[in-house]
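Engineer: Sharing a structure below in structure tokens format, with a few things to ask.
The values are calculated or read from the model by the stated rules, or taken from the named source; none is laboratory data. Nothing here was measured: the structure is a model prediction, and the numbers come from that model. Note: ideal-geometry Cβ built from the backbone for every residue, glycine included; neighbour counts use all protein chains shown.
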Amino acid sequence: MTAEPDTGHPRLRPGVAVTPLREGLHLRGRGTSLTLEGSRALPALWEVLSARLAGDPAATTDPGRPGTGAGAGAGAGAAGAGSPEAAAGRPDPTAGHPKLEAALATVTARLREHDLLVDRFDGAEPPPWPGSVAERPGDAVAAIAAAHPVVVAADPEDGTALAVARALTRGGAAPTVRADASLPVGQVLVVAGEPPVAVGLRCDADGGFVTAPAGPARTRADLAALTERLRPDSERGHGGPAPRTLPLLLAAATAQRLLCAVAGLPDPGDPADNPRLLPGRPAVLVADTRPLRSEHHPWAAGPGPVASPPEDLEAALRRVTALGDPRLGVFDAPSPGDLPQLPTALVTCRTPDGLLVAGAARTDLARLTGAVRALELQLAAVDPEAAGAAGAAPRVTIGAGPAHALGRALRRAALAAATATADPRAATSVGAAPGVRWREHPQARHWTTALARRLGHEAAVTVRRLAGSAVLATVEGSRAVEATEADAVAVAALGALTRLAACDLDPARDPDPDPDPDPDPASVHHTAFNGAAAPLAAAGRHLADWVDEGWTGRWLAGLADREADLRAALHDLTGLRTTPWQPRTTAAHRLADALAGCGFTVLVPEGDPR
């Protein structure tokens with residue numbers, strides 16, 4: 001394919017709309033917009049620039065000529081005429097004026113920055129598509145024309161297959177329709193290019209989907225997996241006629257995704273355009289008929305490479321959202337719903353063992369806390385060995401990355417060791433020592449005070465140093481291991497508040513003093529935040545000097561700073577060694593692939609802790 005020549009004569013992209021303002025301009029294109037303000041000369045300046053972009057010298061000299069003024073073509077925006085000299089056919093004295101040319105160059109540069117300009121190719125006007133999206137429309141048009149897509153379906157006269165072929169033709173391709181008896185009714189596969197790239201669709205009475213571009217073999221596998229995942233149990237193997245408009249919608253989306261892949265254009269499911277989607281994971285267009293609508297969904301369990309761990313809490317929650325996608329996810333994502341967010345933030349989600357309640361100082365932390373515990377319960381349901389023995393801590397520990405998972409695993413091991421070696425004489429009781437240091441810390445004071453208001457009496461608190469920088473605190477039966485007395489008391493008080501909230505949602509269940517979910521069957525489980533998530537919450541945050549420990553952000557930053565030393569102390573205390581979990585069942589493999597594709601870590605103990 002010959003490279004497209006750069007003629008140096010740009011024009012506005014097809015489809016860009018221009019609105020003159022009193023002292024500026026507003027331009028809107030695909031996925032971008034630009035507002036220029038600050039001078040009443042800008043609308044008049046636009047008249048000159050739009051004429052140049054249109055490439056028609058007469059447009060600057062004939063104010064009455066059709067096609068000049070407001071709305072002319074894709075680039076003409078502001079109404080108005082040129083100068084009187086230009087109207088009379090005489091040379092415009094302002095043409096080439098240094099100040100005018102400098103202003104035009106400035107505006108042109110801003111248009112370039114916002115990708116609102118495109119260079120002409122071979123002196124021709126760029127087509128509406130791909131001219132509206134391609135950096136070099138000529139190259140894109142040539143690639144599409146040379147692709148020769150092949151549309152494959154069980155019945156080559158099927159309306160959906162023919163709709164795909166028509167959509168490809170409108171996009172500039174020359175498709176061929178062929179029969180393939182191996183494809184189920186309702187499925188269409190389109191292949192083009194070298195090396196070949198394919199896109200598949202499924203269409204039935206209840207809806208359908210369009211796969212992400214991939215190799216032909218991978219696309220066939222995706223068609224089968226997504227059909228199994230998206231079709232209701234009662235409808236599997238039955239099919240049925242689809243509404244007339246649905247095949248047209250899916251055909252257009254299929255053609256667009258294929259032609260974008262062939263021409264090197266951004267895919268409509270590009271995560272850069274949709275924060276709900278994930279880099280490295282397929283984006284599947286899912287369509288429904290009642291009402292008729294379509295939306296790209298992240299397929300966390302779909303094919304793709306192992307992702308790096310999330311860098312911060314925002315990235316971790318983006319992956320939680322993908323893992324819990326309502327159409328293609330692997331678990332029910334935690335949500336605050338209509339739960340109260342004071343005194344502690346709460347979220348709930350369904351798990352194979354019943355409802356799970358998670359609590360934390362903030363809703364985003366509660367969502368992550370609930371997600372990793374819910375995923376552990378989901379994993380235990382598909383691989384019973386992951387659950388561990390009855391009455392014991394879970395065998396697997398999931399985290400949003402290795403550090404988060406290890407921090408959670410070490411805390412669990414320390415709590416188990418502390419239970420086995422509990423010595424009441426080693427604890428410091430609040431009643432016996434009212435001046436202990438944790439009372440001076442605003443976070444510990446706040447959460448124990450909130451708990452006291454909830455209980456109607458002062459909370460019972462004990463603290464005990466385990467080893468090095470590790471401290472165990474017990475608050476109304478809820479326990480936590482952190483690096484300082486104040487941290488441990490605050491986290492344990494959060495756990496006690498979460499446990500009470502879980503009991504409120506299940507009045508028939510007695511409060512359980514264990515901060516980890518009860519190993520016995522129950523309709524409501526609970527789990528609470530601990531400091532293992534603090535590094536994610538504090539990553540990339542810069543706090544002002546006046547923000548003290550009374551602010552959650554500062555407290556989280558302190559927890560993050562102390563996390564590495566605490567993990568070292570807990571390792572010395574427990575002797576815990578971990579190794580990545582290896583799934584043993586097909587369902588477990590699917591869940592493991594989804595977790596790895598989102599950068600999550602699953603650890604199991606290696607040997608027995610000391």
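Engineer: Spot the failing condition for HIS114; the list is (1) surrounded by fewer than 18 Cβ atoms within 10 Å (Cβ to Cβ); (2) in the same structural domain as LEU49 (by TED's automatic domain parsing); (3) out of contact with any strand residue (DSSP E or B) (no Cβ under 6 Å at 6 or more places or on another chain), and only one is missed.
Structural biologist: (3)
Engineer: Residues VAL463, VAL491, VAL481, VAL475: which one is modelled with pLDDT of 85 or more, of a type in the set (Val, Ile, Thr) and touching a Gly at 6+ places or on another chain (Cβ under 7 Å)?
Structural biologist: VAL491
Engineer: Please find, within the stretch 120-154, the residue that is modelled with the lowest pLDDT out of those that are surrounded by fewer than 17 Cβ atoms within 10 Å (Cβ to Cβ) and closer than 22 Å to VAL199 by Cα.
Structural biologist: Per the stated criteria, the residue is ALA145.
Engineer: Further question on the same structure: Are any residues in the stretch 570-607 in a strand (DSSP E or B) and β-branched (Val, Ile, Thr), and if so, which ones?
Structural biologist: THR578, THR579, THR601, VAL602, VAL604
Engineer: Residue by residue through the stretch 568-610, note down the ones that are within 21 Å of ALA307 (Cα to Cα) and aliphatic (A, V, I, L, M).
Structural biologist: Selection gives ALA587, ALA588, LEU591, ALA592, ALA594, LEU595, ALA596, VAL602, LEU603, VAL604.
Engineer: Let me ask another. Can you spot a residue in the stretch 570-584 that is surrounded by fewer than 17 Cβ atoms within 10 Å (Cβ to Cβ), in contact (Cβ under 8 Å) with a residue 40 or more places away in the chain and more than 22 Å from GLU482 (Cα to Cα)?
Structural biologist: yes
Engineer: Related question: PRO282 passes all but one of (1) buried (at least 24 other Cβ atoms within 10 Å of the Cβ); (2) touching a strand residue (DSSP E or B) at 6+ places or on another chain (Cβ under 6 Å); which number fails?
Structural biologist: For PRO282, the failing item is (2).
Engineer: Name the single residue that is modelled with the lowest pLDDT among those in the stretch 230-248 being surrounded by 15 or more Cβ atoms within 10 Å (Cβ to Cβ) and either more than 14 Å from GLN187 (Cβ to Cβ) or of a type outside the set (Lys, Arg) (or both).
Structural biologist: Among those residues, the one meeting the criterion is GLY239.
Engineer: Consider the stretch 537-555. How many of its residues are in contact (Cβ under 8 Å) with a residue 24 or more places away in the chain and not in a loop (DSSP other than H, G, I, E, B)?
Structural biologist: Counting residues in the stretch 537-555 that are in contact (Cβ under 8 Å) with a residue 24 or more places away in the chain and not in a loop (DSSP other than H, G, I, E, B) gives 3.
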